[in-house]
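Read the structure below first, then the notes.
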Amino acid sequence: MTSNNDFHRIDNQRFPIQARHVEADIEGLRAFVVTAEELHFGRAGGRLFITQQALSKRIRRLEEALAVPLFRRTTRAVELTEAGRLLLPRASEAVSAFDRAVQTVRVVDDPLRVDVYDERFTPLRMVRRVCARDSRVRIELSMRQGLSVALPALRRQEIDAAFGRVHDASAPWPAELAYKLVHLEPLHAFVPEDHRLADRSVLRPADLREAGIAMPDPAGAAEWRHYLRRLAHRFGVPLRFNAPAIGQRHLVEQFLAEKAAVGLGEMSIDPAGSGLRRIPVVDPMPLMPWSVVWHQRNPRPLLRAFLRQLRPSTLPSPSDPTVWLPEIDLTPMRP
């Protein structure tokens, strides 16, 4: 028999501490770390490519092994317990150490795991060019739609590299990550063919102030949201966020629905056949800074070969009146 003292309570359920021998394992620790970062079981399960039920089972097994609850779950929120807060930094170290150990014996020609942000942006084309130039480089793509979202996976070396704007991320820059600016992409305006500005050959800040900018909500891409806000503030342009765009077709639909405001997108996006017109923005032309980011302790030789193929870009002079970058982007960070 067991007394009341022989039971431990987790999520309003009791189980005997000594009922069976359970050991903590690396997958349980990984599930705990990801859930602690997200504080949301749905998002954490999505990152781990498992169901919420499977994730809950891993967390519960770890809690049983440690005989302490790690999360407090309510109908509205998920929070770390004191034990969870104490465990998190050590668990992160353990998961990272395990991943580094695996990397040291990984087969050389395993694909590099690279996050290209989204299918409609420049990084995907850059990766394709690298693969065309170096036949050794094979890529396993992911699209987390924001560097801020990809940084935790980079820190744990779940992915080998990611592309994005490194300034204005949702958290302080992790010291273990390095980055290299590899591309500056001009942004153009996109308007429906029957828009009142559709016949313009160029648009200037004064035109944007009159029309306003309407963009899909960047969701987890904090760095892109801040870029747009900095641009709008610098030139006094009204800025409105709509629902997040699910793929390029949804983005086009949102732009087509705008009869006054304009959308912004990369110069390289071809609107042919979409019903949209692409118009350069000048005096100055906004530039989107793309960097590649990687873990400094990632030992994979193939990663080094990949990075060598990505030539660095040079930041423009702050006094150049023809182009615009947020002031913060003109000063390299010191990782």
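Among 303, 251, which is the only one that is in the same structural domain as residue 157 (by TED's automatic domain parsing), out of contact with any helix residue (DSSP H, G or I) (no Cβ under 8 Å at 6 or more places or on another chain) and either under 19 Å from residue 211 (Cα atoms) or crowded, with 18+ Cβ neighbours inside 10 Å (or both)?
303
Given (1) more than 23 Å from the chain's Cα centre (by Cα); (2) closer than 27 Å to residue 127 by Cα; (3) of a type in the set (Gly, Ala, Ser), identify the lone condition not met by residue 257.
Evaluating residue 257 over (1) more than 23 Å from the chain's Cα centre (by Cα); (2) closer than 27 Å to residue 127 by Cα; (3) of a type in the set (Gly, Ala, Ser) leaves (2) as the failure.
Could you please let me know if residue 293 is surrounded by 15 or more Cβ atoms within 10 Å (Cβ to Cβ), β-branched (Val, Ile, Thr) and touching a helix residue (DSSP H, G or I) at 6+ places or on another chain (Cβ under 7 Å)?
Considered against the rule, which asks whether it is surrounded by 15 or more Cβ atoms within 10 Å (Cβ to Cβ), β-branched (Val, Ile, Thr) and touching a helix residue (DSSP H, G or I) at 6+ places or on another chain (Cβ under 7 Å), residue 293 comes out as yes.
Spot the failing condition for residue 279; the list is (1) of a type outside the set (Gly, Ala, Ser); (2) in contact with a Leu (Cβ under 6 Å, 6 or more places away or on another chain); (3) over 21 Å from residue 218 (Cα atoms); (4) assigned to a loop (DSSP other than H, G, I, E, B), and only one is missed.
Looking at each condition in turn, residue 279 falls short on (4).
Any idea which of 123, 192 is buried (at least 19 other Cβ atoms within 10 Å of the Cβ), modelled with pLDDT of 95 or more and within 22 Å of the chain's Cα centre (by Cα)?
123
Just checking, which of 315, 287 is surrounded by 19 or more Cβ atoms within 10 Å (Cβ to Cβ) and touching a residue at least 24 places away in the same chain (Cβ under 8 Å)?
287
Counting just the residues of segment 221-241 that are of a type in the set (A, V, I, L, M) and more than 13 Å from residue 264 (Cβ to Cβ), which one comes out surrounded by the most Cβ atoms within 10 Å (Cβ to Cβ)?
Only one residue tops the list, namely 221.
Looking at (1) out of contact with any strand residue (DSSP E or B) (no Cβ under 8 Å at 6 or more places or on another chain); (2) part of a loop (DSSP other than H, G, I, E, B), can you tell me which one residue 253 breaks?
(2)
Identify all residues within segment 200-250 that are charged (D, E, K, R), out of contact with any strand residue (DSSP E or B) (no Cβ under 6 Å at 6 or more places or on another chain) and without any contact (Cβ under 8 Å) to a residue 60 or more places away in the chain; write none if there are none.
Scanning segment 200-250 gives 207, 209, 210, 225, 229, 249.
So in segment 307-325, with the set limited to residues that are modelled with pLDDT under 95 and not in a loop (DSSP other than H, G, I, E, B), which one is nearest to the chain's Cα centre (by Cα)?
Within segment 307-325, the match that is nearest to the chain's Cα centre (by Cα) is 307.
What strands (runs of 3 or more DSSP E), lying completely within segment 57-127, carry at least 2 residues that are under 28 Å from residue 147 (Cβ atoms)?
Those strands (runs of 3 or more DSSP E) span 78-80, 112-115.
Output yes when any residue across segment 178-188 is without any contact (Cβ under 8 Å) to a residue 12 or more places away in the chain and either out of contact with any helix residue (DSSP H, G or I) (no Cβ under 6 Å at 6 or more places or on another chain) or under 25 Å from residue 296 (Cα atoms) (or both), and no when none is.
Our first condition is that a residue be without any contact (Cβ under 8 Å) to a residue 12 or more places away in the chain; within segment 178-188, this holds for none.
No: zero hits.
Restricting attention to segment 211-220, and to residues there that are of a type outside the set (A, V, I, L, M) and buried (at least 16 other Cβ atoms within 10 Å of the Cβ), which single residue is nearest to residue 188 (Cα to Cα)? Break it down into steps so the answer makes sense when it comes.
Taking segment 211-220 as the starting set, the residues that turn out to be of a type outside the set (A, V, I, L, M) are 212, 216-218, 220.
Then keep just the ones that are buried (at least 16 other Cβ atoms within 10 Å of the Cβ); that gives 216, 218, 220.
Details: 216: 15, 218: 18, 220: 23 Å.
Checking each candidate, the answer is 216.
The values are calculated or read from the model by the stated rules, or taken from the named source; none is laboratory data. All figures in this text were calculated on a predicted structure; none of them were measured in a lab. Note: ideal-geometry Cβ built from the backbone for every residue, glycine included; neighbour counts use all protein chains shown.
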